[in-house]
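Let me begin by presenting the structure, written as structure tokens, before commenting on it.
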Amino acid sequence: MCLVRARPVKAAPLADVGVILATTVDRSRLPEGVRAGIGAAESPDRSWRQARTALRFTTPRRPVVHYDGLRALALLAQVPQDTVRDNADVAAIARIAGNPEDLETLDTYCTTGSLRRAADLLHLHHSSVARRLEQIAKALDIELTEPTGLLRARLALTAWRLLDG
């Protein structure tokens, strides 16, 4: 398998992460289950930091993240972990994280912003997803049908994923 075509490349293992330094990467050739953070800076050290930050924002539904696409979201990676852990919304996400079904439902709904689209992606009836979201909303004490509530849930979910990442 070739991720990089006709370009100079350096690769090495680092802890539990494989590192590729390249000027271009063919995203379509990444194996399933592989996540990638892509930096864009001109200098290798800055691009490395950007790629590591972007990698922290990957999810199973979004396995490849470009640092440049994060924009203001990249600021979340700079918030001290103790501050993130102490946030009530993040703590609520941590409590429901023990149920992977709830976490996937919330993530899918936050990503799509649509009950019916989330139901399609989860292969469930929309009424089943609505019931799940109602229970999740109670557990989080967040009104998920309101724009502010959806934003809070999405930020808390993203911040929770960044912990220890």
**Message:** Tally up the residues in segment 66-102 that are of a type in the set (A, V, I, L, M, F, W, C), without any contact (Cβ under 8 Å) to a residue 60 or more places away in the chain and closer than 18 Å to D164 by Cα, please.
**Reply:** 5
**Prompt:** Any idea how many residues of segment 1-49 are at pLDDT below 70 and part of a loop (DSSP other than H, G, I, E, B)?
**Reply:** 10
**Residue check for Y109: in the same structural domain as W48 (by TED's automatic domain parsing) and buried (at least 18 other Cβ atoms within 10 Å of the Cβ)** = no
**Asked** Of the residues that make up segment 109-129, is at least one among the charged types (D, E, K, R) and touching a residue at least 12 places away in the same chain (Cβ under 8 Å)?
**Response** no
**Request:** Could you tell me whether segment 70-86 includes any residue that is in contact with a His (Cβ under 6 Å, 6 or more places away or on another chain), in the same structural domain as R132 (by TED's automatic domain parsing), surrounded by 14 or more Cβ atoms within 10 Å (Cβ to Cβ) and in a helix (DSSP H, G or I)?
**Result:** no
**Prompt:** When you go through T111, T58, T145 one by one, which is the residue that is at pLDDT below 95 and over 24 Å from R35 (Cα atoms)?
**Reply:** T145
**Prompt:** Can you find even one residue in segment 147-162 that is assigned to a loop (DSSP other than H, G, I, E, B) and out of contact with any His (no Cβ under 8 Å at 6 or more places or on another chain)?
**Reply:** no
**Message:** Of the conditions (1) assigned to a helix (DSSP H, G or I); (2) over 18 Å from the mean Cα position of the chain (by Cα), L124 satisfies every one except a single condition; which number is it?
**Reply:** (1)
**Complete:** Of the residues in segment 141-165 that are of a type outside the set (S, T, Y) and without any contact (Cβ under 8 Å) to a residue 40 or more places away in the chain, the one that is surrounded by the fewest Cβ atoms within 10 Å (Cβ to Cβ) is P147
**Set T111, T59: member being among the hydroxyl-bearing types (S, T, Y), assigned to a loop (DSSP other than H, G, I, E, B) and in contact with a helix residue (DSSP H, G or I) (Cβ under 9 Å, 6 or more places away or on another chain)** = T59
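The values are calculated or read from the model by the stated rules, or taken from the named source; none is laboratory data. Not measured: the values here are computed from a predicted model. Counting neighbours? That spans all protein chains shown, and the Cβs are built from the backbone with ideal geometry, glycine included.
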